[in-house]
Every structure is written in structure tokens, then in C-alpha cells.
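Values quoted throughout were computed directly from the atomic coordinates according to the rules given, and no laboratory measurement underlies them. Keep in mind that what you see is a predicted model, and the values were worked out from it rather than measured. Glycine also receives a Cβ, built like all others from the backbone with ideal geometry; neighbour counts cover every protein chain displayed.
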Amino acid sequence: MLANRDLPNVTSDIVEDWTEFVEGTRAFDEKARPEDWFVIDLLGPASWEAVQTWYIDKRFGMAPEDFFLAHQLAKKKGNELDGDTDWKVINKNHRALMTLIQRMKCNVICTATAKAIGERDDPQLRSTYGAIGLRPTGQKEISHDFHTLVVLTKSRQGDWQMTTVGDRERVLGEKVPLNEFALDYLVKVAKWRPGA
């Protein structure tokens, strides 16, 4: 999105896989200052899907689509990845990255696509997002990883609205008109002072 813009204060990196994402995050963290912003767009593919792809490639030597197809063709029942071995490693690697992101000494903003809340979703996820019926895609614990959780929706008239489903130490807002996130949330709700 930034390819055609000359923004000297913005560095944009496109990462292709889990290893690049982890290395890039560590490199940014080493030089980050409190006034910097670390932005991940989109968190699900960059972290949760990428760590699974990395793991399947390392453990089974296959692309995920080939791995899952082989499982289906063999008519195997149950989850393709074992809970006691595979998911432990996948989750541990994902948690290490999310912990690094949480501890950064700068501002962090992540975007995520949404999917409908399901019966099999974690009870806390259903409690947090049940009122709006959507939750972020990705690892189920990401909802606990951020201070503020904002869901952006469009009204029937095409206007953007924001609903905060989680916001530590702040009153939650529901379908608040949104024109510019920096002004409508960061300044008005979070009480940021530009230039301060």
C-alpha cells in the first residue's frame, strides 16, 4: 500500500514466512523508541498461519496444503496435527513471538480479519465478542494480548463505526462514528496529546 508514497518516516517490510517475521520483529524491537509504532497487518496470516506453515514444513517436509490433502486422502479421522506434540510446539513458538510484541517499548497496532463466533470457541472469546458475533481470526489467545480491542464495522449507509470490546481502564464504546482512528480513538478516547 505504501509503494507509491514517499513517506520518509515510514518503513514498510513485506515478510514472506515465519522466520522472516520473527527476525524482523526482533530487529525492530532492538532499535524501537517509545514514540515509534510497530504495525502488523494482518496478524492472523503473519503469525498464526505462518507458524503453522513453518512447523509443517520443518516437521513433515511438506507445504501445508499438501499435508492436509494427504490427511484427507488417507481418510484419517480427527485433527491432522497431534495435540501432545505438534500443537505444543506451534503454540510455544507463537507465544514467544507474541510475548516479544507485548514487551516492545513502543506503540503496537495489529489488524485482523474477523470470523463468526462458533459453538466450539473458547468461553472467554464468546464472552468478549459474543455481543457482536465476531472474533479476530488467528490463535485464540490473541484477544488477551492487547490492551485495546476495537472492532470496526460499516453501517448500512457506509459509515465506519468502532466498538471497543476490550479496553483496559476505559469505558467501552459501541458503534461510535469513526472518521480517523488517530483522532476518534487515540485523542478522544485514549486521551493522547499530539506533539506532547
Quick one: of the DSSP bridges fully inside the chain, what percent are antiparallel, nearest 5? 75 percent
Relative contact order for the range 123-185 using alpha-carbon pairs under 8 Å, separation at least 6, rounded to a whole percent? 22 percent
Note to self: C-alpha centroids of the range 148-196 and the range 3-50 sit apart, in Å, by 23 Å
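What number, in nm² with one decimal, is the all-direction average of the projected area of the convex hull of the alpha-carbon atoms of the range 33-139?
Values: hull surface 34.2 nm².
That works out to 8.6 nm², a quarter of the Cα hull's surface.
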Pull up all non-local amide H partners of A114: gap of 5 or more, or a different chain, and H-to-H distance under 5 Å with H placed in the peptide plane. T137
If I stretch the segment between T11 and I109 completely, what's the gain in nm (0.36 nm per residue apart, minus their alpha carbon distance), one decimal? 33.8 nm
For a test of understanding, tell me how many lysine pairs in the range 43-196 have Cα atoms under 16 Å apart, given they are 8 or more places apart or on different chains. 8
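Figure the gain on full extension for A63 and F181 (residue separation times 0.36 nm, minus the Cα-Cα span) and round it to one decimal in nm.
Values: separation 118, 0.36 × 118 = 42.48 nm, distance 3.79 nm.
Extra length from A63 to F181 when fully extended: 38.7 nm.
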Would you mind getting me the FRET efficiency between D36 and D122? Use the beta-carbon distance for r and R0 = 35 Å, nearest 0.05. 0.60
Tilt, helix 86-102 to longest principal axis of the chain (alpha-carbon atoms), in degrees rounded to tens, equals 20 degrees
Rounded to two decimals, what ratio of Rg to Rh does the range 91-196 give with C-alpha atoms and a Kirkwood Rh? 0.97
Before rounding to the nearest 500, sum -39500 (n - 2.57) across all DSSP H runs of length at least 4 in the chain and divide by the residue total; then give [θ] at 222 nm in deg cm²/dmol. -9500 deg cm²/dmol
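Taking only C-alpha pairs under 8 Å that are 6+ residues apart, what is the relative contact order of the chain in percent? If you can, show how the numbers build up before the last one.
Working: 190 pairs, mean separation 33.3, N = 196.
The value is 17 percent.
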Report, in degrees rounded to the nearest 10, the 0 to 90 angle that the Cα long axis of helix 64-73 makes with the longest principal axis of the chain. 50 degrees
